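Enquirer: Supplied in structure tokens, the structure appears directly below.
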Amino acid sequence: MTEPMTSVLREMRWWDIDPVLKIERNLFPDDAWSRGMFWSELAHARGPEATRKYVVAEAGERIVGYAGLASSGDQADIQTIAVTREQWGTGLGGRLLTELLRAATAFECAEVMLECRVDNIRAQKLYERFGFEAIGFRRGYYQPGNVDALVMRLTTKPGSGSAPGSTSVQGTEING
């Protein structure tokens, strides 16, 4: 077995959309995001009024993962996290999530929300390791398959005075 190549995280740019779409369609064939959805998100990811943070993970010249977060007021929403199958179990998902939680801290968000397919146990376990708690369901959220979503939330710890991720994530190495 060969060792996985170390990946580098960097800001996602428009020229990353096509390779990201290839991963998106491979992992989520029934409910993959469109090119337009990524363009729209990236349009809000730069400049002084930015409300989004999107990153990609590169191993050599190849994108092997990506993640995105949207903020509004004191709440952030994890929009997407994906890692190529050959990178599963390498900790890359945890690194991407850590980067999004840092962005939530920078956006001064008090809570981070997300939806996760009820059948995606791997992702649920990752989020639970970071302190996310299940708070409800959205019936038929993922279309066209009519798959329910588990709604999860991470909030600032009482009295910590800092945003999500800053107390439970910084300095912690997550092995996924």
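Enquirer: With (1) aromatic (F, W, Y); (2) open to solvent by 50 Å² or more (accessible area, probe 1.4 Å); (3) within 13 Å of the chain's Cα centre (by Cα) as the list, and Y141 as the residue in question, which single condition is left unmet?
Expert: With respect to (1) aromatic (F, W, Y); (2) open to solvent by 50 Å² or more (accessible area, probe 1.4 Å); (3) within 13 Å of the chain's Cα centre (by Cα), Y141 is out only on (3).
Enquirer: Still on this structure, I have one more. Quick check on my filter: what residues within segment 77-91 are within 11 Å of the chain's Cα centre (by Cα) and either within 14 Å of L154 (Cα to Cα) or part of a helix (DSSP H, G or I) (or both)?
Expert: The answer is D77, I78.
Enquirer: Go through (1) outside any helix (DSSP H, G or I); (2) surrounded by fewer than 12 Cβ atoms within 10 Å (Cβ to Cβ) and name the single condition L9 misses.
Expert: (2) is the only condition that L9 fails.
Enquirer: Here is a follow-up. Any residue that is in contact with a Ser or Thr (Cβ under 9 Å, 6 or more places away or on another chain) and open to solvent by 60 Å² or more (accessible area, probe 1.4 Å) - is there at least one of those in segment 76-89?
Expert: no
Enquirer: What number of residues within segment 34-75 satisfy the criterion of being open to solvent by 10 Å² or more (accessible area, probe 1.4 Å), under 13 Å from E24 (Cβ atoms) and part of a strand (DSSP E or B)?
Expert: 1
Enquirer: Across segment 127-176, what is the total count of residues that are modelled with pLDDT of 80 or more, closer than 23 Å to D74 by Cα and either assigned to a helix (DSSP H, G or I) or of a type in the set (S, T, Y) (or both)?
Expert: Qualifying residue count, segment 127-176: 4.
Enquirer: Please enumerate the residues belonging to segment 13-33 that are outside any helix (DSSP H, G or I) and surrounded by 12 or more Cβ atoms within 10 Å (Cβ to Cβ).
Expert: Within segment 13-33, R13, F28, D31, A32, W33 meet the criteria.
Enquirer: Which ones in segment 102-118 are closer than 21 Å to A82 by Cα, in contact (Cβ under 8 Å) with a residue 40 or more places away in the chain and crowded, with 22+ Cβ neighbours inside 10 Å?
Expert: A103, A104, V112, listed by residue number.
The values are calculated or read from the model by the stated rules, or taken from the named source; none is laboratory data. Because the structure is predicted, anything quoted here is derived from the model rather than measured. A quick note on method: Cβ atoms are made from the backbone with ideal geometry, for glycine too, and the neighbour counts reach across all protein chains shown. Side chains included, ligands, DNA and RNA excluded: accessible areas come from the protein's heavy atoms. Shrake-Rupley method; radii C 1.70, N 1.55, O 1.52, S 1.80 Å.
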